[in-house]
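A quick write-up on the structure given underneath.
The values are calculated or read from the model by the stated rules, or taken from the named source; none is laboratory data. Values in this document were obtained by computation on a predicted structure and should not be read as measured data. As a convention, Cβ positions derive from the backbone with ideal geometry for all residues, glycine included, and neighbour counts pool all protein chains shown.
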Amino acid sequence: MTDRRVGRRAFLAAAAAAVVAGCGADEPPPSDPPSPSPTPKQPAGPASDPPLLTPDLPASAPWQPGANEISPEVKVAAVRVLEALGTVPDGVPVSPAADRLTAAGAAPALEGFAGPLLPPVAPAVAQLVYAQYGGLERTTASVMAIVKQTWADGDNLGERVVTVDVRLAKSGSGWAVTELRPVAPVPDAAAGLTGPAAELAGSDRVQLPNAAVADLAGGIVDPRVVAALLQLAQAYQLSVSVFRNGHPENVFGTDRQSNHTRGRAVDIWAVDGRPIVSMAKDDPFLLDFLAAVRATGSDEIGAPVDPDGGPGGDYFADDLHRDHVHLSFERAA
């Protein structure tokens, strides 16, 4: 028994040795590892900068009037021209703007009135902040518009706010823009303000377009108007459209000088973020606000509704004032 077990172990050991020997005999001897490929030389000099990425512009969407607008086609005609001038796709020259104006149904000659309504570079987007009537007659109109312009300048975005008085005339085919009267933006308009005017311009409860801040800086605005806005701002957040610049000089359709031209008036287009034009005439919020306006001492208040119900008081109402509240001081200080 012992001899047989030893013989089997010897067989297994011999078989294993044969397998190992056979495997080694069939393989070629190991060769030296291949030499690495030479690394291509890099050109001398600094690495090139990565391409600049164009920042995202705001979405461009045509403005649409709300449900309570009076003669909305007038405002639409005005705004389409402003959008055509200020919205410029990438790769399209800012000027000439004839093709964009023609596509908007407007006269190419309007570019001659555009001034700051044309952005400094393209691509650019013009967004309407608000469109308010400055005058509305049977065949003529004024639309005061606040337009925010945004453009891509390299890898930065630039922006500014422009106020413009758009004049229109009615023709057989509808309303057409005949003239543009933009107010040139004033950089750092609030820098030199002091006292109540500085408080008003710096308030986060009163939204002022650039032209309105420039009016404050120019000493144009009656101190009573400034005080009235500060008083109202204690209870309300206000969005102002215009003091003087950007408003027709005369009461539209007359030869009477407007209180805006005298610096004694301000137009408010939204209260607590709610556009005046969106409010019903019997809205308690609107009526409370009008009472607060009278409490400032204003003696000429134009609004969508006359709370006193008739002529002779401090209030007056008409279609022109359906889209804003006019706070004014008729009597001299």
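Some points to look at:
- For the stretch 227-247, a residue qualifies if it is of a type outside the set (A, V, I, L, M) and touching a residue at least 40 places away in the same chain (Cβ under 8 Å), and the qualifying residues are Q231, Y236, S239, S241, N245, G246, H247.
- Candidates R224, R167, R181, filtered to the one that is without any contact (Cβ under 8 Å) to a residue 40 or more places away in the chain and either in a loop (DSSP other than H, G, I, E, B) or within 30 Å of A332 (Cβ to Cβ) (or both): R167
- Selection from the stretch 101-158 of residues that are among the β-branched types (V, I, T) and more than 15 Å from the chain's Cα centre (by Cα): T102, V121, T139, T140, V143
- Condition check for D222: surrounded by fewer than 22 Cβ atoms within 10 Å (Cβ to Cβ) and touching a Lys or Arg at 6+ places or on another chain (Cβ under 6 Å): yes
Residue-by-condition table, conditions (1) at pLDDT 95 or above; (2) in a loop (DSSP other than H, G, I, E, B); (3) assigned by TED's automatic domain parsing to the domain that holds A270; (4) over 30 Å from R274 (Cα atoms):
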{"position": "P96", "(1), (2), (3), (4)": "yes, yes, no, yes"}
{"position": "T102", "(1), (2), (3), (4)": "yes, no, no, yes"}
{"position": "A109", "(1), (2), (3), (4)": "yes, no, no, yes"}
{"position": "P116", "(1), (2), (3), (4)": "yes, no, no, no"}
{"position": "P119", "(1), (2), (3), (4)": "yes, yes, no, no"}
{"position": "V143", "(1), (2), (3), (4)": "yes, no, no, no"}
{"position": "K148", "(1), (2), (3), (4)": "yes, no, no, no"}
{"position": "A152", "(1), (2), (3), (4)": "yes, no, no, yes"}
{"position": "L157", "(1), (2), (3), (4)": "yes, no, no, no"}
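- In the stretch 151-181, the residues that are closer than 26 Å to D215 by Cβ and among the small types (G, A, S): G158
- Scanning the stretch 241-268 for residues that are surrounded by fewer than 23 Cβ atoms within 10 Å (Cβ to Cβ) and not in a loop (DSSP other than H, G, I, E, B) yields N250, Q257.
- For R100, the criteria (1) touching a residue at least 24 places away in the same chain (Cβ under 8 Å); (2) under 28 Å from S171 (Cβ atoms); (3) crowded, with 17+ Cβ neighbours inside 10 Å hold in every case but one, which is (1).
- Candidate set: the stretch 315-333, residues that are hydrophobic (A, V, I, L, M, F, W, C) and in a strand (DSSP E or B); chosen: the one nearest to V266 (Cα to Cα): L327
- If you go through the stretch 296-313 and pick out every residue that is in contact (Cβ under 8 Å) with a residue 12 or more places away in the chain and of a type outside the set (D, E, K, R), you end up with 9.
- Check on A280, surrounded by 14 or more Cβ atoms within 10 Å (Cβ to Cβ), closer than 26 Å to P65 by Cβ and in contact with a helix residue (DSSP H, G or I) (Cβ under 8 Å, 6 or more places away or on another chain): no
- Selection from the stretch 71-94 of residues that are touching a strand residue (DSSP E or B) at 6+ places or on another chain (Cβ under 7 Å) and not in a helix (DSSP H, G or I): S71, T87, V88, V94
- Residue satisfying all of: in the stretch 288-314; of a type in the set (V, I, T) and not in a helix (DSSP H, G or I); nearest to N68 (Cα to Cα) among these: V305
- Restricted to the stretch 317-333, and to residues there that are aliphatic (A, V, I, L, M) and under 10 Å from G302 (Cα atoms), the residue that is surrounded by the fewest Cβ atoms within 10 Å (Cβ to Cβ) is A317.
- All told, V186 meets the bar of being in a loop (DSSP other than H, G, I, E, B), under 20 Å from V242 (Cβ atoms), β-branched (V, I, T) and modelled with pLDDT of 95 or more.
- Residue match in the stretch 184-195 (condition: in contact (Cβ under 8 Å) with a residue 40 or more places away in the chain, surrounded by 15 or more Cβ atoms within 10 Å (Cβ to Cβ) and either closer than 18 Å to A104 by Cβ or out of contact with any Pro (no Cβ under 8 Å at 6 or more places or on another chain) (or both)): no
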